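Peer 1: Below is one structure. I have some questions about it.
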Amino acid sequence: MEYFINCNTSTLAPYNAPLDQIRASHLYRRLGFSASVSTINQTIGQSAGNVIDNLVDQALNMPPTPAPTWANWTNANYPEDDEARNQLRNQQQREFRLTYANALLNNNLRDRLSFFWSNHFVTELEVYNCNGYLYEYINCLQRNSLGNFKTFVHEIGLTNAMLYYLDGVYNNGNNPNENYARELYELFTLGEGIAYTEEDIIETARALSGYVERGEIGCSPVTFDPTRHDAGSKTIFGQTGNFGYDEVIDNLFAQRSGQIAEFICRKLYEFFVHPDSRDEANNAQTIINEMAATFEASNFEIAPVLRQLFKSQHFFDDEAIGVIIKSPIDFYFNTLKETDFSYTDTNVAEMVNYSALLSQEIFEPFDVAGWQRDRSWINTNFMIGRWLTIESIIEGFYMADNEQFRRLGLEISGDAGLTSTNPDAVARPIIDFILPKGLLNEPEYEKAFAIFRSDIEEVYYEGGNQESWTLATWPQAPFQVYLLLQYLARQPEFQLK
C-alpha cells in the first residue's frame, strides 16, 4: 500500500464551504466510527462549524457509562472457589468490553476520544486484573476525554489501574520505584527525552511515593500512607520544595507548559489529521504550533483545540482525506455504521474478537507505549485476516436479511437506484460512499462495475426492455450490492479513512 506523504498546505482558517458528501463522511470517520447514509445526507450542505460545535457539545455533556453492579467489588465479593471466581470475573469483563464497544459505536467524539486516551494513558487489564479498577479507569477516560488536560493527568495517575500498572503501589519512600515518574514525562506529557533529566525522574519518584498496595482483600482501593511517603526536599525542573503528588503535577505544568502543549497537540494532529507531522516539506509543524498556543491559552482545555482543528481548512483539505490506515476496530465498526445493517450484540462481540486477532484487543494495548497505529496495522497476515473476516461478516448480514443490501444501495444511489437501468450509474455512488475518495482511476471503476453487473444478461440493462433492470425492482439486486461490497472490502482504499 502506498504510504501517504503529508502534502497538506492549508491553514487553520475556518472551512466555510457547505459540506459535501466526501467531507461529511470524512468528518464522521475521524470524529467517530463513521455514520449511516441518512446521517451523512443530513450533514451535506451544512456548515462545518455548526456540525463540529454540536458534536463537541454533545461529547462534553454526555454522562459516562453507568457503573455496573460490580464497580466497587473487592475479591471478597467473588466466590471463594478459584474456578468459579475466575469464571465470574471473565464473564464481567466480556460484558463490559461489549458495553464499551457499543459506546464506541454510539457516542461519536466522546468515546472516539476515550479510546484514543486509552492508548495514551495506557494500562493493560491482564496486568492488574481487577474489574472494579477497570471501570474506574474507563470512567476517568470518559469524564476527561474533552476536559482539562492537567486535571486529566492528575486524576489518571491516582486511578487504581494506573497505580498498579506502573508500580505506583510499590513506590515507597525508603525504596523509590521510578516507573510511573518516567512514563509521566516520557509517554504522558513531554515525550521521550524532552525537557527532563534522569535526576528529575528520581526526584519525582520520591515525590510520588506513599500509595500503598491493597491489603489482604484483593481489588481494594489503593490508599495513601504518609509514613511510606518521602517527606524530604526534592528538586524537579530546577524547583526545590517538599513535593508530593499534587505539587509534582502543578510544577510540571508550570515549568514545562510549552513542551506539554506541543507534545499533546502533535499526538492529536497525527491521530485526527495525518500520521506524518515531522516532514519539513509540510506545514504540519505550523499547525501544531498554533494548536499548542490555543491549548496553553485555554489553560489546557482540550475542547477548544479540537474545535479549532476540526473546523479548519487544514482538516478538510483533500490531502487530509483517506490518508490514515484504519485500525481493526475502525475497519469493522466503520463498515457497521456505514451500511447501517441490523446488528445484535453477537455481531459486535464477533467484531471485537476479530479485532483482538488482528492485535487490537480492547482494554489490552500492546504495551505501555500503546498500539503504534497506522502502518503497524498492515502486514501480510493482517491483510489476509482483514479480508477473510470482513468477507464472513458481510456474508452473515446477507444471510440474515439480504433485502437490507438493496435498501443500502437505494439509500446511497437515490433517484438512480429507483429509475436508472444503467448499473454503472448506481454502482458509482455506492463505491464513492464506501471508499473515502472513490477508486484510483476509471479502469478500477470498470473492474468494480463488472462485479456489480454480476451474470445478468446485458439485454436487461437496456432502457425500454419490458424487463429492464433497476436496483429497486430486480430480484437479484441485493446480491449485486453484496458482491460489490465484498469486492470493495478487499481494495486498498477500503483500508483507509
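Peer 1: Hey, among Arg94, Arg85, which residue is over 24 Å from Asn334 (Cα atoms) and of a type in the set (Lys, Arg)?
Peer 2: Testing whether each residue is over 24 Å from Asn334 (Cα atoms) and of a type in the set (Lys, Arg) leaves just Arg85.
Peer 1: Another question, then. Which residues, counting only those in region 122-136, are closer than 23 Å to Arg182 by Cβ and in contact with a Leu (Cβ under 9 Å, 6 or more places away or on another chain)?
Peer 2: Scanning region 122-136 gives Val122, Thr123, Leu125, Tyr128, Tyr133.
Peer 1: Taking only pairs six or more apart or across chains, which ones have beta-carbon atoms under 7 Å, a first residue in region 436-463 that is within 17 Å of Val481 (Cα to Cα), and a second residue that is basic (Lys, Arg) and not in a loop (DSSP other than H, G, I, E, B)?
Peer 2: Filtered contacts from region 436-463: Tyr445/Arg428.
Peer 1: Also, I was wondering about something else. Scanning region 154-204 for residues that are of a type in the set (Gly, Ala, Ser) and assigned to a loop (DSSP other than H, G, I, E, B), which turns out surrounded by the most Cβ atoms within 10 Å (Cβ to Cβ)?
Peer 2: Gly157
Peer 1: Right, here's the next one. Looking at region 41-60, is at least one residue at pLDDT 95 or above and in contact with a Ser or Thr (Cβ under 8 Å, 6 or more places away or on another chain)?
Peer 2: Yes - at least one qualifying residue is present in region 41-60.
Peer 1: Look through Asn289, Asn334 and report the one residue that is in a helix (DSSP H, G or I) and farther than 23 Å from Tyr28 by Cβ.
Peer 2: Only one candidate passes the filter, namely Asn289.
Peer 1: Among all residue pairs at least 6 apart or on different chains, which show Cβ distances below 9 Å where the first residue, located in region 222-233, is at negative phi and outside any loop (DSSP other than H, G, I, E, B) and the second is basic (Lys, Arg) and surrounded by 13 or more Cβ atoms within 10 Å (Cβ to Cβ)?
Peer 2: Correct list of pairs: Thr223/Arg214.
Peer 1: Between a first residue in region 159-182 that is at positive phi and a second residue that is open to solvent by 10 Å² or more (accessible area, probe 1.4 Å), which pairs have beta carbons less than 8 Å apart while being 6 or more apart in sequence or on different chains?
Peer 2: Asp167/Asn177; Asp167/Asn179; Asp167/Tyr180
Peer 1: Could you tell me which residue of region 283-341 is farthest from Arg373 (Cα to Cα), considering only residues that are under 17 Å from the mean Cα position of the chain (by Cα) and free of Cβ contacts under 8 Å to residues at least 60 places away in the same chain?
Peer 2: Pro328
Peer 1: Here are some residues: Tyr487, Tyr482, Tyr460. Which one is hydroxyl-bearing (Ser, Thr, Tyr), touching a Phe, Trp or Tyr at 6+ places or on another chain (Cβ under 9 Å) and surrounded by 20 or more Cβ atoms within 10 Å (Cβ to Cβ)?
Peer 2: Tyr482
Peer 1: Among (1) in a loop (DSSP other than H, G, I, E, B); (2) in contact with a Lys or Arg (Cβ under 7 Å, 6 or more places away or on another chain); (3) β-branched (Val, Ile, Thr), which single condition is Val481 missing?
Peer 2: (1)
Peer 1: Looking at this structure, is Trp387 under 19 Å from Leu496 (Cβ atoms), open to solvent by 10 Å² or more (accessible area, probe 1.4 Å) and at pLDDT 95 or above?
Peer 2: Criteria met by Trp387.
Peer 1: Please verify whether region 104-127 includes one or more residues that are open to solvent by 10 Å² or more (accessible area, probe 1.4 Å), among the charged types (D, E, K, R), in contact with a Phe, Trp or Tyr (Cβ under 6 Å, 6 or more places away or on another chain) and in a helix (DSSP H, G or I).
Peer 2: No, because not a single residue in region 104-127 is open to solvent by 10 Å² or more (accessible area, probe 1.4 Å), among the charged types (D, E, K, R), in contact with a Phe, Trp or Tyr (Cβ under 6 Å, 6 or more places away or on another chain) and in a helix (DSSP H, G or I).
Peer 1: Determine which single condition Thr69 fails, assuming it passes every other condition in (1) open to solvent by less than 30 Å² (accessible area, probe 1.4 Å); (2) among the hydroxyl-bearing types (Ser, Thr, Tyr); (3) assigned to a loop (DSSP other than H, G, I, E, B).
Peer 2: (1)
Peer 1: Checking Tyr3 against (1) surrounded by 14 or more Cβ atoms within 10 Å (Cβ to Cβ); (2) of a type outside the set (Val, Ile, Thr); (3) at pLDDT below 95: exactly one of these is not met. Which one?
Peer 2: Tyr3 satisfies all of (1) surrounded by 14 or more Cβ atoms within 10 Å (Cβ to Cβ); (2) of a type outside the set (Val, Ile, Thr); (3) at pLDDT below 95 except (1).
Peer 1: Given the options Ile249, Ile260, name the one that is open to solvent by less than 20 Å² (accessible area, probe 1.4 Å), assigned to a helix (DSSP H, G or I), in contact (Cβ under 8 Å) with a residue 40 or more places away in the chain and farther than 30 Å from Gln313 by Cβ.
Peer 2: Ile249
The values are calculated or read from the model by the stated rules, or taken from the named source; none is laboratory data. Predicted model only: the values in this text are computed from it and were never measured. Reconstructed Cβ throughout: ideal geometry from the backbone, glycine too, with neighbour counts over all protein chains shown. These area figures cover heavy atoms from the full protein model, side chains too; ligands, DNA and RNA do not enter into them. Shrake-Rupley method; radii C 1.70, N 1.55, O 1.52, S 1.80 Å.
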